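Colleague: This is the structure I have questions about; it appears just below.
Nothing in this text is a laboratory measurement; each read-out follows from the coordinates by a stated rule. Nothing here was measured: the structure is a model prediction, and the numbers come from that model. Counting neighbours? That spans all protein chains shown, and the Cβs are built from the backbone with ideal geometry, glycine included.
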Amino acid sequence: MKKLIKLIVALTLVMALIFSLAIVVYADSPEILIDPGFEEGTTDVWTAYVGSTVSDDNSIKHSGNTSLMCSGRTVKHDTPIQDVTAAVSYYGMGEYKVSAWVYLTTIDANVQIVIMTKCADTTFGPLADGRKWFLTPFVVAKKGGWTKLEGTLTLDSPANSELSLVQYYFSFDDSETEDKKLQDFYVDDCSLIKTGTVKPMPTAVPTPSPTPIPTPTLIPTPTLVPTEKPAATPTKIPVVATATKAPTTSSSGNSLWVWLAAVVIVLGGAAGGYFMAMKGKKPPIENTEPKE
Ligand SMILES: [Ca+2]
């Protein structure tokens, strides 16, 4: 019984977790098309499929200030086109909502929205070259007014085959006369959204701008400041060793030495004088002459 209760609790927790995650991811994708209303002035996002001319126009617009005019068309699908390969590859196969507003200039005509997928597997598709077209039903668009095209397209290219190209564009009815299918027209407020469960697309990481290398500041050569001559350390005068103090002699001792010196001097002087006297005394001259 306890095991059964534990199992029920565990299953409840798992279901709650799955349900909470489902709430987070259950939502349609944000708008996939870039500049869908032509208000951002992008120049390379929307191009012409074949050889027509596409240009921003401010005179006829469905909303905002700008629409896109397509002129000089030569074939039914020569229309504005946007490459959506990255987004559709990310969101994958399944249901997509598409819509757009068109304004014809010459005569009412059939117009539709086209999503073309091309797989790396070139055996896929009606032409066996990897391409397949997903089309909204034709709508009779009006001359001199805005008509909404819309539909839900279920893309079913092989899930295991990488998409090499996905495009969003328009097509006129090839069975109609040329004045209908090749006329100039305007388009505005386009849309392409993946419905149902989608994974949030990671925000594109902006390319970091290179950090400017600072110009090295020239460090001026420092002026040589004469080193202040340190004050001469007075040469230490060696301390003269204090003479060993002679043993103090008594005054009597000094006197004795003085007396002895005096005696020596006196005796020396006397002796010298004597010898000098003796040296100076001439001996008596003997008479050495012959006697007569
Ligand atoms: Ca607009």
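Colleague: Determine the gain in length on full extension of the stretch Thr74-Lys148; use 0.36 nm per residue of separation and subtract their C-alpha separation, reporting nm with one decimal.
Modeller: So the extension gain works out to 24.3 nm.
Colleague: Compute the distance in nm between two label points, each set 7 Å from the Cα along the Cα-to-Cβ direction, one at Asp44 and one at Ile107.
Modeller: 4.0 nm
Colleague: Same structure again: Kindly state, to the nearest 0.05, the FRET efficiency for Asn65 paired with Leu127, given R0 = 35 Å and r defined as their beta-carbon distance. Write out the running numbers ahead of the final one.
Modeller: Values: r = 41 Å, r/R0 = 1.16.
Result of the calculation: an efficiency of 0.30.
Colleague: Also, quick follow-up: Excluding residues on the same chain fewer than 8 positions from Lys118, give the aspartates and glutamates whose Cα lies under 18 Å from its Cα.
Modeller: Partners found: Asp83, Glu95, Asp129, Asp156, Glu162.
Colleague: Under a crude label model (7 Å from the Cα following the beta-carbon direction), how far is Leu165 from Tyr90 in nanometres?
Modeller: Between Leu165 and Tyr90, the simple spin-label model gives 2.2 nm.
Colleague: Here is a further query. Roughly what would the spin-label model give for Lys97 and Glu178, points 7 Å off Cα along C-beta, in nm?
Modeller: 4.0 nm
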